[in-house]
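K.L.:
Below is a structure I'd like to ask you about.
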2 protein chains.
Amino acid sequence: MTHDRNASFPGNAEAKGVIPTLDGKKEVASLEKGSTVLGTKVLSGVSLPAAIIRDEALTHNLAWMQAFAERHGAELAPHGKTTMTPVLFERQLAQGAWGITLATAVQCQAAAAHGVTRLLMANQLVGEANMAIVASLIADGVDFYCVVDSAENVAQLDGFFAARGLTLQVLIEFGVPGGRCGCRSAEEVLALAEVIHEAPALALAGLEGYEGVVEAVDPAQGVRRYADTLVEVARTLHEQGRFTVAAPLVTASGSAWYDVIAESFHAAKLTGRLTPVLRPGCYVVHDHGLYREAQAAVLARRGDLTSALEPALEVLAQVQSLPEPGLAIVALGKRDIGYDHLPFPLRRYREGGTANQILSTEGWTLTKLMDQHAFVQLPRDTQDVAIGDIIAFSVSHPCLTFDKWRQLLLVDEALDVKACLSTCF
Amino acid sequence: MTHDRNASFPGNAEAKGVIPTLDGKKEVASLEKGSTVLGTKVLSGVSLPAAIIRDEALTHNLAWMQAFAERHGAELAPHGKTTMTPVLFERQLAQGAWGITLATAVQCQAAAAHGVTRLLMANQLVGEANMAIVASLIADGVDFYCVVDSAENVAQLDGFFAARGLTLQVLIEFGVPGGRCGCRSAEEVLALAEVIHEAPALALAGLEGYEGVVEAVDPAQGVRRYADTLVEVARTLHEQGRFTVAAPLVTASGSAWYDVIAESFHAAKLTGRLTPVLRPGCYVVHDHGLYREAQAAVLARRGDLTSALEPALEVLAQVQSLPEPGLAIVALGKRDIGYDHLPFPLRRYREGGTANQILSTEGWTLTKLMDQHAFVQLPRDTQDVAIGDIIAFSVSHPCLTFDKWRQLLLVDEALDVKACLSTCF
């Protein structure tokens, strides 16, 4: 076994995210350790494909969503599963976020290791090895919350944490019939609260829901009704004295319906009794597909919003072959970019050019994505295309693009690299 | 910027692949450095979801494919993009592989950093940053080959490598009309060979093809005809004295048609003049979907094969919620497993049980996969199911499962961990 060779070759242990210079290896190694690489030019000095984040759009999005939450009297706990990028967690917290939402115990462990001290695991905590991770976080002082939706899981958690003399803060998950996890009715929630009340190692800290699985003829109305019910059930729990923490949470929202959830929470005037928490994740880099569509719907619902989120994430890749008229094969594949929606060419540059020297991609369509290759159809008479041309591709959605990279490049408007952002998937 | 915190928290810097013990963090840290974790039990001591590789099946597959290639007088250069797992490269080379095939310059850099000294990049080398990586490998003594299919790329490569006083070994890619990269005809190949002949920094080292994009009414016949043509064109190049290396290569084959390619190469009696090289990748862990089907076709074509490849890769995950009769939500998502074919439950275990205590999954179907959740339909009257039950899921295909993990667990038949295998995507 020599897989611990990693230790000896930090600069070359990972195949992605390296920024070699033309001089060779040494700088690669130092760059991978996280040093800032101010000025490296994506259009000439970076091994492509690479995922880039436009800092201007990112900065805008960070401020925009924080302000949105604050205007609605809600706390923001951005879903960190989207990026698993500690530098972005840090910027979200610096912007005023209440904490970071995550999906698994190991994601929480990674975030805590990078300094995040309040974690909302919007998911059931299952398995003793995962419980052990969380026990370790709580013992280290992390303000940790997870969700429960069954008496069986309550018993498992109570047994595990009681044996270690620790208290676990839990939120009951309120789901919908035909949905994903979660109690299916208010009655089930209230009955589970009673079970939790009898579990000495558990502290009931709030009520959690996810509106993304609500189905209704009028989706916005369905989501609003769901949010209203969530608030109502949380109030009932409060009146019954079921919460055993100071500021119990009521929380919902992904990146598509956050406006409706925020309005419902706001209208309920919860301040002082319940803490409303929004959990969008993808907003941080937004996208060019699924969430652009969702945002159009938000703007249609909310005439008062004058600015909106901006897509910040792109993947850049190069034309590697022009084997037939009308066909370019690009060095970009399923290994590099999410493909729930097929990416499309946004812009084209000549290698070594500058960010404002944009070449046309009119009529260019990505038609097929293999593991390491993309098929791009061009107008058959396209003349101005060269092997090595750099195409910026749209991304949708962000979660399944971030997880393909160990490092993403934060760039300025000139496409110069401002920093390498490490992910911790 | 604090993304260099990675350096201070090696044990917690990554969210996946950690093997915590119930005692907490310290051991996690040491395990992540690559120490062997003999005896850790997947069914009780490992944070799930986790990707496992069954060593017995892996060992069988490694030997099987090497023997297959040797019986056909061919060298084996397994496509390493599938796994990007240096320990597996090492086992493939120890088994007798001629070298490792890869798809990108950074993949080659990662493999070389882990000791691989012969690399076949079955792809065009594009972009000065990628050329710089390869220049550095060649300067370090790596026996490197890549493919070309255009005079434009030849000129770019010749310019770059000539300026550095290095020679780049290239193979002409022979494609098919309507296919991916590659020259579309023998005439184009011969013309490109002439261009390469005039490029002092390039050495023409062989002819490369990929039969996976051949389309024909009778696919096996189409692939055979393609392989025969590949050999014929390589012979013509040889006769014309176009090859400038001692043992020029003729190479093709993914994991679906390797038998047909091998037969064609074998029948051509190339020994001594050309070096036939096969490049299957997925065979190393095989799968339960796409490649199981492909293998059934291989066995149907080849009555002489008495044993076959065995699926070695599975992803294990736990039931986290049983919210309605007939529905289990499992902590497994698109973040954890390939989904070109939806995974299906293979086996079920109780947490803390042993590998031979298998519970039924009869009538269980994974119907939907979200980023971090799987919907599994069960018979509505299922009684014997618990929160925390561990389900082993099928994988297809392997490439898009490996790239979701920074470490995979090599396990024995008892599902005890034999080693943590790091990937270098």
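The values are calculated or read from the model by the stated rules, or taken from the named source; none is laboratory data. Remember, it's a predicted structure, so these values are computed and weren't measured experimentally. Neighbour counts run over all protein chains shown; Cβ positions are idealised from the backbone, glycine included.
K.L.:
Give the residue, chosen from B:Ala122, B:Ala63, that is small (Gly, Ala, Ser) and in a strand (DSSP E or B).
P.N.:
Residue meeting the stated conditions: B:Ala122.
K.L.:
Checking A:Val106 against (1) surrounded by 24 or more Cβ atoms within 10 Å (Cβ to Cβ); (2) more than 11 Å from chain B (Cβ to nearest Cβ), which test does it fail?
P.N.:
Just one mismatch for A:Val106, condition (2).
K.L.:
Quick check on B:Ala247: is it within 20 Å of the chain's Cα centre (by Cα) and surrounded by fewer than 24 Cβ atoms within 10 Å (Cβ to Cβ)?
P.N.:
No; evaluated as a whole, the condition is false for this residue.
K.L.:
Further question on the same structure: Consider A:Phe425 against the criteria (1) out of contact with any Pro (no Cβ under 8 Å at 6 or more places or on another chain); (2) away from chain B (no Cβ under 12 Å): it satisfies all of them except one. Which criterion is unmet?
P.N.:
(2)
K.L.:
On the given criteria, is B:Leu322 without any contact (Cβ under 8 Å) to a residue 60 or more places away in the chain, in a strand (DSSP E or B) and aliphatic (A, V, I, L, M)?
P.N.:
no
K.L.:
Among all residue pairs at least 6 apart or on different chains, which show Cβ distances below 6 Å where the first residue, located in segment A:73-97, is part of a loop (DSSP other than H, G, I, E, B) and the second is of a type in the set (Lys, Arg) and surrounded by 24 or more Cβ atoms within 10 Å (Cβ to Cβ)?
P.N.:
A:Ala77/A:Arg279
K.L.:
Suppose we keep only residues that are at negative phi and not charged (D, E, K, R) within segment B:285-296. Which one would you say is surrounded by the most Cβ atoms within 10 Å (Cβ to Cβ)?
P.N.:
B:Val285
K.L.:
Also: Just one of B:Leu192, B:Leu202, B:Leu171, B:Leu207 is in contact with a strand residue (DSSP E or B) (Cβ under 9 Å, 6 or more places away or on another chain) and in contact (Cβ under 8 Å) with a residue 60 or more places away in the chain; which is it?
P.N.:
Result: B:Leu171 is the single residue among B:Leu192, B:Leu202, B:Leu171, B:Leu207 that is in contact with a strand residue (DSSP E or B) (Cβ under 9 Å, 6 or more places away or on another chain) and in contact (Cβ under 8 Å) with a residue 60 or more places away in the chain.
K.L.:
Would you please name the residue that is surrounded by the most Cβ atoms within 10 Å (Cβ to Cβ), looking only at residues in segment B:357-402 that are among the small types (Gly, Ala, Ser), assigned to a loop (DSSP other than H, G, I, E, B) and within 12 Å of chain A (Cβ to nearest Cβ)?
P.N.:
Residue satisfying both the conditions and the ranking: B:Gly388.
K.L.:
For segment A:240-272, name all the residues that are of a type in the set (Phe, Trp, Tyr) and either under 22 Å from A:Ala193 (Cα atoms) or at pLDDT below 95 (or both).
P.N.:
If the condition is that a residue be of a type in the set (Phe, Trp, Tyr) and either under 22 Å from A:Ala193 (Cα atoms) or at pLDDT below 95 (or both), then A:Phe243, A:Phe265 are the ones that fit.
Residue-wise test of (1) closer than 30 Å to A:Asn123 by Cα; (2) crowded, with 24+ Cβ neighbours inside 10 Å.
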position	(1), (2)
B:Glu263	no, no
B:Lys269	no, no
B:Pro276	no, yes
B:Val298	no, no
B:Asp304	no, no
B:Glu310	no, no
B:Pro325	yes, no
B:Gly333	yes, no
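K.L.:
Taking A:Leu125 as the residue in question, decide whether it is surrounded by fewer than 24 Cβ atoms within 10 Å (Cβ to Cβ) and among the hydrophobic types (A, V, I, L, M, F, W, C).
P.N.:
It is false that A:Leu125 is surrounded by fewer than 24 Cβ atoms within 10 Å (Cβ to Cβ) and among the hydrophobic types (A, V, I, L, M, F, W, C).
K.L.:
Quick check on this structure: which one of B:Ile337, B:Ile329, B:Ile391 is touching a helix residue (DSSP H, G or I) at 6+ places or on another chain (Cβ under 9 Å) and either modelled with pLDDT under 95 or aliphatic (A, V, I, L, M) (or both)?
P.N.:
B:Ile337
K.L.:
Give just the number: which of (1) over 30 Å from the mean Cα position of the chain (by Cα); (2) under 22 Å from B:Thr85 (Cα atoms) does B:Ser396 not satisfy?
P.N.:
Condition (1) is where B:Ser396 drops out.
K.L.:
Among the residues of segment B:278-296, which ones are closer than 25 Å to B:Met121 by Cα and not in a loop (DSSP other than H, G, I, E, B)?
P.N.:
B:Leu278, B:Cys282, B:Tyr283, B:Val284, B:Leu290, B:Tyr291, B:Ala294
K.L.:
While we're on this one: Residues in segment B:89-98 that are buried (at least 24 other Cβ atoms within 10 Å of the Cβ) and out of contact with any helix residue (DSSP H, G or I) (no Cβ under 8 Å at 6 or more places or on another chain): how many?
P.N.:
Adding up the residues that qualify gives 0.
K.L.:
If A:Val134 meets every condition in (1) crowded, with 19+ Cβ neighbours inside 10 Å; (2) β-branched (Val, Ile, Thr); (3) touching a Pro at 6+ places or on another chain (Cβ under 9 Å) apart from one, which number is that one?
P.N.:
Failed condition: (3).
K.L.:
If you scan segment B:109-122, which residues turn out to be more than 10 Å from chain A (Cβ to nearest Cβ) and crowded, with 21+ Cβ neighbours inside 10 Å?
P.N.:
Of everything in segment B:109-122, those that are more than 10 Å from chain A (Cβ to nearest Cβ) and crowded, with 21+ Cβ neighbours inside 10 Å turn out to be B:Val116, B:Leu119, B:Leu120, B:Met121.
K.L.:
Something else: Within segment B:343-356, how many residues are in a loop (DSSP other than H, G, I, E, B), away from chain A (no Cβ under 14 Å) and crowded, with 19+ Cβ neighbours inside 10 Å?
P.N.:
1
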